[in-house]
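Contents: one structure, followed by commentary.
The values are calculated or read from the model by the stated rules, or taken from the named source; none is laboratory data. Note that the structure is a prediction, hence the values are computed from the model and not measured. Cβ coordinates were reconstructed from backbone atoms using ideal geometry, including for glycine residues, and neighbour counts include every protein chain displayed. For accessibility, only protein heavy atoms count, side chains too; no ligands or nucleic acids. Shrake-Rupley method; radii C 1.70, N 1.55, O 1.52, S 1.80 Å.
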Amino acid sequence: MSILDQVPITEHTATRAEAVQSGLRLAQEAEELGFHRIWFAEHHRSAAFASTAPEMMTALALERTERIRVGTGGILLPLYPVQKVIEVMALLGQVNGDRVDAGVGRAALDDADYGEKIAALVHALGTQHPSGAGEPDGRVWVLGAGGSAAPLAGLVGAGYAHGHFFVPRGGEAATAAYRATATEHGHGAHTVLAVRVITAETHERAQQLAEAMLLWRARKDLGFDGPIPSAETTARHEWTDAERTRAKARSQAIITGTPDEVHTELTALAEAHSADEVMINTLTSDPADRLTSYRLLAERLME
């Protein structure tokens with residue numbers, strides 16, 4: 001089990017500096033809790049997320065940890081020359097050994113050379129760290145939510161990380177296409193399923209925290225890009241009909257409840273997608289609530 005951190009800006013971590021420091025503390029906490037890896041996302045011009053340079057977050061987190069795998073989840077490859085990405089990730093691997101992951105994606109960006117760039121990454125970084133120990137060649141991972149990303153990852157020998165929280169339906173076909181293509185081309189398949197989860201000591205508290213995240217997501221869909229609100233602010237909020245409609249639709253992409261309830265749903269999802277690993281993304285205003293959620297998951301899922 002692993003963590004995807006988007007380095008959220010919230011009521012509690014209201015500045016970018018506070019959000020970044022919170023993300024770096026999370027890497028240390030994740031290591032102490034026994035998580036396998038932590039990845040940092042890339043977002044630009046965002047009022048909700050502070051990680052504009054996931055390779056820098058990775059470097060800073062590697063300095064503060066000793067065992068946990070750390071990586072990018074992911075670098076927006078269409079924005080950069082592939083040689084620059086190769087050299088940056090290779091340098092991190094040279095300093096930190098085999099615990100650096102190079103996760104890449106393209107979001108909604110067009111790049112006619114995207115597949116060639118990923119193949120170049122796998123080839124170049126694969127000379128440093130060949131496939132083995134449950135990790136893909138070069139420790140390169142392609143992030144996707146269906147479409148062409150899954151078979152592309154299989155074609156070039158990369159791992160595939162499927163974003164369930166982006167598109168909560170149809171992922172089974174994507175992960176199956178990835179495994180089939182990888183097998184056809186003689187590569188091992190390595191599948192991560194990224195899921196948005198919130199848990200707490202009680203079902204009621206988990207729902208309160210999930211409601212806050214859904215308010216943020218609904219308002220973002222409606223054109224307001226702001227920080228993640230607290231559960232207390234959300235409880236006082238007067239919801240519009242449009243917000244309620246968007247929140248209901250977005251609720252399909254989040255798993256929430258007690259640790260036992262979440263365990264049941266995550267296990268079923270992982271089995272349906274034949275995932276080797278589940279990667280958890282948790283958005284709460286208070287970093288203490290986020291840490292509690294991760295701690296409860298670690299205690300229940302890694303028994």
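At each listed q (0.16, 0.18 Å⁻¹), what is the log10 of I(q)/I(0) that the Debye formula gives for region 90-239 modelled as equal alpha-carbon point scatterers? Evaluating at q = 0.16, 0.18 Å⁻¹ gives log10 I(q)/I(0) of -0.90, -1.00.
Of all DSSP-defined beta bridges confined to the chain, some 5% are antiparallel rather than parallel. Within the shell defined by Cβ-Cβ distances under 15 Å, the residues around Ala231 carry a net charge of -3, with Lys and Arg each +1 and Asp and Glu each -1.
Using C-alpha pairs under 8 Å with a sequence gap of at least 6, the mean separation divided by the residue count of region 201-303 gives a relative contact order of 32 percent. Choose one answer from Tyr178, Tyr160, Tyr114: the residue with the largest mean-square fluctuation in a GNM of the chain with alpha-carbon springs under 10 Å. Highest fluctuation among the options: Tyr114. With a/c under 1.5 counting as rounded, go ahead and sort the chain into rounded, prolate or oblate using the C-alpha gyration tensor (a ≥ b ≥ c being the square roots of the eigenvalues; past the cut-off, prolate if a/b is larger than b/c, else oblate). The shape class here is prolate.
Each Lys or Arg adds one and each Asp or Glu takes one away; over the other residues whose Cβ falls under 9 Å from the Cβ of Arg37, this sums to 0.
Looking at region 110-233 alone, DSSP beta bridges between its own residues are antiparallel in about 10 percent of cases.
Take Ser274: with every protein chain present and a 1.4 Å probe, its accessible area is about 50 Å². Across region 43-124, the mean sequence separation of Cα contacts (distance under 8 Å, 6 or more residues apart), normalised by length, yields a relative contact order of 31 percent. The slack between Ala268 and Asp241, meaning 0.36 nm per residue of separation minus the straight C-alpha distance, is 6.5 nm.
For the chain, the solvent-accessible area of protein heavy atoms averages 42 Å² per residue (probe radius 1.4 Å; ligands and nucleic acids excluded). Normalised by 2.2 N^0.38 Å, where N counts its residues, the alpha-carbon radius of gyration of region 39-124 equals 1.07.
The sum of -39500 (n - 2.57) across all DSSP H runs of n ≥ 4, divided by the residue count of the chain, sets its helix-only mean residue ellipticity at 222 nm to -15000 deg cm²/dmol.
On region 1-79, 49 percent of the accessible area sits on carbon and sulfur atoms, based on a 1.4 Å probe. Against the criterion of solvent-accessible heavy-atom surface with a 1.4 angstrom probe, Leu77, Leu143 sort, most first, into Leu143, Leu77. Please list, by residue number, everything in region 95-127 whose backbone N is under 20 Å from a paramagnetic label point 7 Å out along Cα→Cβ of Gln83. Label zone hits: 112-127. Contact order for the chain, expressed relative to its length and based on alpha carbon pairs under 8 Å spaced 6+ residues apart, stands at 19 percent.
Largest first, the extents of the alpha carbon coordinates of region 1-72 on the three principal axes equal 31, 22, 21 Å. Screening the chain for DSSP H helices whose Cα atoms reach 24 Å or more along their own axis and whose mean Kyte hydropathy is at least -0.5 gives 16-33. With the convex hull of its Cα atoms as the shape, region 172-284 has an orientation-averaged projected area of 8.3 nm².
Gap in Å between the Cα centre of region 202-276 and the Cα centre of region 110-129? If you average the Cα positions of each part, the centres end up 35 Å apart.
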